[in-house]
Amino acid sequence: MMKKILILLALLGTLTAEAQQKRDKSNYNAYVEAVDEYLPAPGQFVNTMPAYEEGDTKEKMAEKCTTILKANSTDDEDNQGLVGLGAYGGYITLHFDHSIANVKGAADLKIIGNAFAEAGNDKGGSSEPGIIMVSKDVNHNWLPDDPWYELSGSADVDSVGKVDYHYEITYIRKPMENIPWSDSQGQSGEIARNPYHTQEYFPLWIDDAQLQFKGTLLPKSGVKSTTGFIQLFYRCGYADNRSDDTLFDIGNAVDADRKPVDLDFIDFVRIYCATNQGYPMIGETSTEVKIVEDAHLEESLALIESATGIDVVHIQHRADGGCYDLTGRKVTPTRRGLYIRNGKKFIVK
């Protein structure tokens, strides 16, 4: 293998390709370009936020989420609203028209839900925290198929021993009835129907009889109050947690072993509901998403332009008019990604 590499280096030129990227356009937007995946867990707002129509596919539902999120950043009042993620594990995955830079010492993402405080109470109200995950498009194909990293939140230090980092839950389809669930802690229960939301609670565009989710489970936060039940706020680090907890730092990324990860740029964001709890009158806790934004658009674009030597990949190519992938193999570009021809990079979209 080493001999082959040396031969390639001797016969072929060298090119540096960076993992950060931006679309081929003149004007860039701080807000979401498109939703890649939308898979809510069962819940009282599923099939209504956004609204399911007979025949809708998972791609169509993702398009509806895109329409809502884009409208929330414009004056398109007819399409504005919230995207509901359902109970524990339900998620949305999205991307921008450019890589988002990890600016040291600054917040990089702004995420707004519909959290609010109970009147006269600064400790809790409607808090439906979502875990935030990020991914870098290392293979440069504009698809969310590279490793994911969680942004560590305050529960990691405030609730030591109470956070389950390897939680799994399974929901069972039961049309127009309470949705049964069982989990990796040996617990079971139901997502209970209520008289306020009469549609099906299981996502109708999913054919599977079961839905399974896994990830980090935050401890329950619901307590009784003078108005019934409220959820206490987590200190910081979660989407839809508090109205003043909307800025997030890519520098808080950790891997599956909870070790810090130094990411220079990210391309995809995933948000999932991080609690499994329900209370009388208010039902299950369900993360909602309204706005997802690059908190420093100009800095991201400037760093994309100026960055060199980041995630360097040495690309070998012959000046023979052939096309090569990022490993130096001669290929026919049949899928999206970054390729090399005559020493120049080009993207197949």
On a C-alpha basis, how far is the centre of segment 232-292 from the centre of segment 65-130 in Å? Whole number, if you could? 9
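Can you compute the equivalent ellipsoid semi-axes for segment 189-317, i.e. the square root of 5 times each eigenvalue of the Cα gyration tensor, sorted largest first and rounded to whole Å? Could you put the intermediate results ahead of the total?
Numbers: eigenvalues 280, 80, 45 Å².
Whole-Å semi-axes of the equivalent ellipsoid: 37, 20, 15.
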Neighbour net charge for N121 - beta-carbon separation under 13 angstrom, K R +1, D E -1: +1
What spacing in nm lies between the two simple spin-label points modelled at H166 and E299, each 7 Å away from Cα in the Cβ direction? 3.7
Computed over the Cα atoms of segment 88-150, the Rg and Dmax in Å are 15.7, 50
Listed highest first by mean packing, meaning other Cβ atoms within 10 Å per residue, what order do 263-272, 242-251, 187-196, 152-161 come in? 263-272, 242-251, 152-161, 187-196
Against the 2.2 N^0.38 Å rule of thumb, the C-alpha Rg of segment 230-296 sits at a ratio of 1.30
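Readers should treat all values here as calculations from the given coordinates under stated rules, not as data from a laboratory. It should be emphasised that the depicted structure is a prediction, and the values quoted were computed from it without experimental measurement. Counting neighbours? That spans all protein chains shown, and the Cβs are built from the backbone with ideal geometry, glycine included.
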